[in-house]
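The values are calculated or read from the model by the stated rules, or taken from the named source; none is laboratory data. Source: prediction; values computed, not measured. Cβ placement follows ideal geometry from the backbone for every residue including glycine, while neighbour counts extend to all protein chains displayed. Heavy atoms of the whole protein, side chains included, go into the accessibility calculation; ligands, DNA and RNA do not. Shrake-Rupley method; radii C 1.70, N 1.55, O 1.52, S 1.80 Å.
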Amino acid sequence: MNKSCFAYIDGYNLYHGIIDKRNIPPKGYKPFTQKRPWGNLLWLNLESFIKSYNFPQITLQKIKFFEAPSYKQDSHKRQQIYQNALISLSTMDADSFYQGEFKVIEIFCSRCNQTFKSHVEKKTDVEISTEMLSDFYLSNCGAMILLGGDSDQIPVIRKIKMNDPNFEIFSISPPFRKSKEITKLLGESNCKTISYKRLLNHQLSDPVIYNGKSINKPNEYK
């Protein structure tokens, strides 16, 4: 019998992994822009995408999505549109989204002797770890998939494995974000890296029709 599996999505890690300027489309595929060559692949169907990896003896039951609301109005609007589209998936609903926040910090530049303000995402990594530990100890699922290459999740992976070495955890990482430490903990066969072709093959429909409403893909994602 397959084990019930929960997936945990680091939204910003995934987003920036897809639009990374180092990502070069395969020959024959037209780039979105020179700066964001995979930028037309952000309308991702997380459910079919995750299932396409065919991790053994699991059934994807629930997806949890973690992301801080953008401090930029246009970006925040696109976030909301995408999340509304994701609710149409059978493994997601309105309670599938967990919000961090952006904090304003001051950075001093020793070269120009000036202080600048910047934004740093907070709480997201803690939320992911908290949900993973909670689901493990409450036996809400029998396996987990972590989508994101952030090494901040290493302590929670270690904790779960220490309590149950046979508990299956799988990792999916964006290009250039695969953690060697996570791969060492979980094993090479349990750790996958996102490819252009797989993203291309698992996009949401445009528009997404849900509860009689039409949700259109943002122009910036086309």
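In the stretch 155-182, what residues are within 22 Å of Pro56 (Cβ to Cβ), open to solvent by less than 20 Å² (accessible area, probe 1.4 Å) and either outside any strand (DSSP E or B) or β-branched (Val, Ile, Thr) (or both)?
Within the stretch 155-182, Ile157, Ile160, Phe167, Ile169, Ile172, Ser179, Ile182 meet the criteria.
Take Lys213 and decide whether it is among the charged types (D, E, K, R) and free of Cβ contacts under 8 Å to residues at least 12 places away in the same chain.
Yes.
Checking Ile209 against (1) open to solvent by less than 80 Å² (accessible area, probe 1.4 Å); (2) assigned to a strand (DSSP E or B), only one condition comes out false. Which one?
(1)
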